Amino acid sequence: MSKALDDIDRDIIEMLASDSRATLAEIGRLIGLSAPATGERLRRLSDDGVITSFGVRVDNRALGYTLEAIVRLKPRSHHMHIVEQMILDEPRFVACDRVTGDDCFVARLALVDVSELDEILLPLHEHAETNTSIVKSSLLAGRLPQLDPSLRSAPKMGHG
């Protein structure tokens, strides 16, 4: 079920998405509410399940991870749970989605060196087919979806 957000809710979410350390007083000052009123809005957004957590983004390079790889995995028959557990047990997998289509999982690896791929993927090959791509750069990361889907603009028609 979709939760209808008003302009104030959207402003709070956008501010927290850009700076999750902003204080209630800072947010309230920018949106024209008191800190207690802002806190009550934030509590309601959390209680309603709109905001599920607060986090931090890190630069993997600053931690020594110079490469990222995207791995598509297609488990062999009856090996789905084994592959899932192997992904969960390998800390260099930093994200993983179950997907539809030919593959069952699309995962993201943080790597110090490309040579780590064999160490990580060879044990998986007994249980799954893999297809790996090295990430050159990221166009988008962690962008919020449009907070009011009813305001979606019509598709733009290309000319040329």
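Distance between the pseudo-spin-label points of N60 and D118 (7 Å out from Cα toward the beta carbon): 2.1 nm. Considering helices alone, the calculated mean residue ellipticity of the chain at 222 nm is -9000 deg cm²/dmol, with DSSP H runs of length four and up weighted by -39500 (n - 2.57) and normalised per residue.
Compared with the alpha-carbon gap, the fully stretched path from M15 to S77 is longer by 17.7 nm at 0.36 nm per residue.
FRET efficiency for the pair D7 and A37, taken as 1/(1 + (r/R0)^6) with r the Cβ-Cβ distance and R0 = 25 Å, rounds to 0.95. Going from the fewest other Cβ atoms within 10 Å to the most, the residues H127, H81 appear in the order H81, H127.
Computed over the chain, the P(r) curve from all C-alpha pair distances, binned at 10 Å from the origin, holds 8, 27, 23, 25, 14, 2 percent per bin. Take the alpha carbon gyration tensor of segment 1-85, find the square roots of its eigenvalues, order them as a ≥ b ≥ c, and report rounded if a/c is under 1.5; if not, report prolate when a/b exceeds b/c, else oblate. Verdict is oblate for segment 1-85.
Please state, to two decimals, what the Cα-based radius of gyration of segment 60-134 comes to when divided by 2.2 N^0.38 Å (N = residues). Display every interim value, and only then the final one.
On the way: Rg = 11.9 Å, N = 75, 2.2 N^0.38 = 11.3 Å.
My calculation over the Cα atoms of segment 60-134 gives 1.05.
We did not get these values from a lab; they are worked out from the coordinates using the rules stated. Keep in mind that what you see is a predicted model, and the values were worked out from it rather than measured. Cβ atoms come from the backbone with ideal geometry, glycine included; neighbour counts cover every protein chain shown.
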